[in-house]
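A short worksheet on the structure shown next.
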Amino acid sequence: MADEPKDVIVHDHNRDGVDRRGFLTCMAWAGTGLLCAMKGGVLESFAMGSAPERASGAKGAELAFVQISDSHMGFNKAANPDVAATLQVAIDRINALPVAPDFVLHTGDITHLSKTQEFDAVEQMLKGLRAGPIHYVPGEHDVLSDSGAEYRSRFGKGSLGNGWYSFDQKGVHFIGLVNVMDLKAGGLGQLGHEQLEWLEDDLRGLKSSTPIVVFAHIPLWSVYPEWGWGTDDAVQALAYLRRFGSVTVLNGHIHQTLQKVEGNVTFHTAMSTAFPQPAPGTAPSPGPLAMPAGKLRSVLGITDVKLMKRNHALAVVDHSLDSEPAS
Amino acid sequence: MRRAIVPLIALLSLEVLLLAGHPARTVRAASDSSAKVAVTIDNFNFTPGTITVSVGTTVVWTNKDDVPHNVTNPDKEFKSPTLDTGEKWEYTFKKAGTFEYYCTIHPKMTGRVVVQ
């Protein structure tokens, strides 16, 4: 599928006798996203040059959803004085997709300060989405003052514990995890014992060929622990996921796209709709990054994911807010 | 000399602030029990990272970052509300001991107050 073979990196994961017909092939292109395709039992990861439109062409999709993240409603500093305006652009981008998404994932930091009026503003704006339901997980900014009670009453109805849950759609098992609660001094994100027990139980009845999509706010891989960009007990969660042939992990928190393929697990972080943060280790701190005039929307964006009919491909494509709407 | 007319409290605060950028360094300050000592929250660091004060000292934390932080003792001795940009919070240490604290939003951020 890649037009530029020189960019192709293939990871061959054929190593046992498991039936892999249900597995996914993942193609990633540096900096902008990844494209996953189910292809004869081989998980492939392609660095792609110029063909994201192939992945975003929705006509062959049997399932399509969009990830948005880190809307930080209430933030008003130099890095973006109007986060409502950029969230609106993200909503407009989603509404301009050729096929309305089956659902939207919001991977947390919905608000900046967990204030009622911030929650209200986002909730009101997202009513303008032409899409199926919105599934949320909280970011640390959504649980600042009340251990997440307001977050859960608005966005976590029917969830368990601090707000975790799972659901199935078109044969894909989706798991929303919470790794922003009860964080320990000096530590990283944390899932906690109770949630890990639940996860183990949730996965128990599933065939190893079931494609899994896990979404949580803080990355579940060690992006840059010095800045807290990782989750202390994610290793345990990933151990439970190891037997599955295709696991896609979608995170936010770091306000930039990064991806990594490790075994059958593909990790991907989304852009924010509010403000960018520096690449790991390139600044004194991970604080909001002020962009030169006119450049902000090039570093904000949405992530659009489709399960394709023709080859059962899971295509994960990032669109910055200054790009043309997908066609 | 300018230093001679600066009140003791301000002088001590100044001394503390001059050490910004060395969060690991221990700072001895405030022999006067009514003193205030400043800790700056900047670039996801508490600066100075460790301060040594006498019983009765009030420590004032000021958030200079563009994101919110808080000041939380894991043993629940004290916890600030969320401090947005420019906001301050103070706490008076009435008993001796070593008090660790961190930001629960960004738990990599840690600090310590030694009260003698």
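Quick notes on this structure:
- Looking only at region B:35-91, and only at residues there that are basic (Lys, Arg) and either within 14 Å of chain A (Cβ to nearest Cβ) or assigned to a loop (DSSP other than H, G, I, E, B) (or both), the one that is nearest to A:Ala290 (Cα to Cα): B:Lys64
- Among residues of region A:182-236, those that are buried (at least 20 other Cβ atoms within 10 Å of the Cβ), more than 14 Å from chain B (Cβ to nearest Cβ) and more than 18 Å from A:Thr248 (Cβ to Cβ), counted: 1
- Every residue from region B:42-62 that is over 9 Å from the mean Cα position of the chain (by Cα) and not small (Gly, Ala, Ser): B:Asp42, B:Asn43, B:Phe44, B:Asn45, B:Thr52, B:Val53, B:Val55, B:Thr57
- Annotation note: Cβ proximity below 7 Å between a residue of region A:129-146 that is within 14 Å of chain B (Cβ to nearest Cβ) and under 28 Å from A:Asp168 (Cβ atoms) and a residue that is part of a strand (DSSP E or B) and not aliphatic (A, V, I, L, M) (sequence gap 6+ or interchain) occurs for A:Asp142/A:Thr111.
- Any chance A:Ala290 is small (Gly, Ala, Ser), in a loop (DSSP other than H, G, I, E, B) and at pLDDT 85 or above: yes
- Meets criteria (surrounded by fewer than 21 Cβ atoms within 10 Å (Cβ to Cβ), of a type in the set (A, V, I, L, M) and facing another protein chain (nearest Cβ under 10 Å)) for A:Ala149: no
- Qualifying positions in region A:251-280 - more than 19 Å from A:Met291 (Cβ to Cβ), surrounded by 21 or more Cβ atoms within 10 Å (Cβ to Cβ) and modelled with pLDDT under 95: A:Gln259, A:Asn264, A:Val265, A:Thr266, A:Phe267, A:His268
- A:Arg93 satisfies every condition listed in (1) at pLDDT below 95; (2) over 18 Å from the mean Cα position of the chain (by Cα); (3) surrounded by 21 or more Cβ atoms within 10 Å (Cβ to Cβ) except (2).
- Residue list for region A:157-188, restricted to those being under 15 Å from A:Gly230 (Cα atoms) and in a strand (DSSP E or B): A:Val180
- Test set (1) under 28 Å from A:Gly158 (Cβ atoms); (2) in a helix (DSSP H, G or I); (3) of a type in the set (Val, Ile, Thr) - A:Val235 fails condition number: (1)
The values are calculated or read from the model by the stated rules, or taken from the named source; none is laboratory data. Computed from a predicted model, the values in this text were never measured in an experiment. Methodologically, a virtual Cβ is constructed for each residue, glycine included, from the backbone with ideal geometry; neighbour enumeration extends over all protein chains shown.
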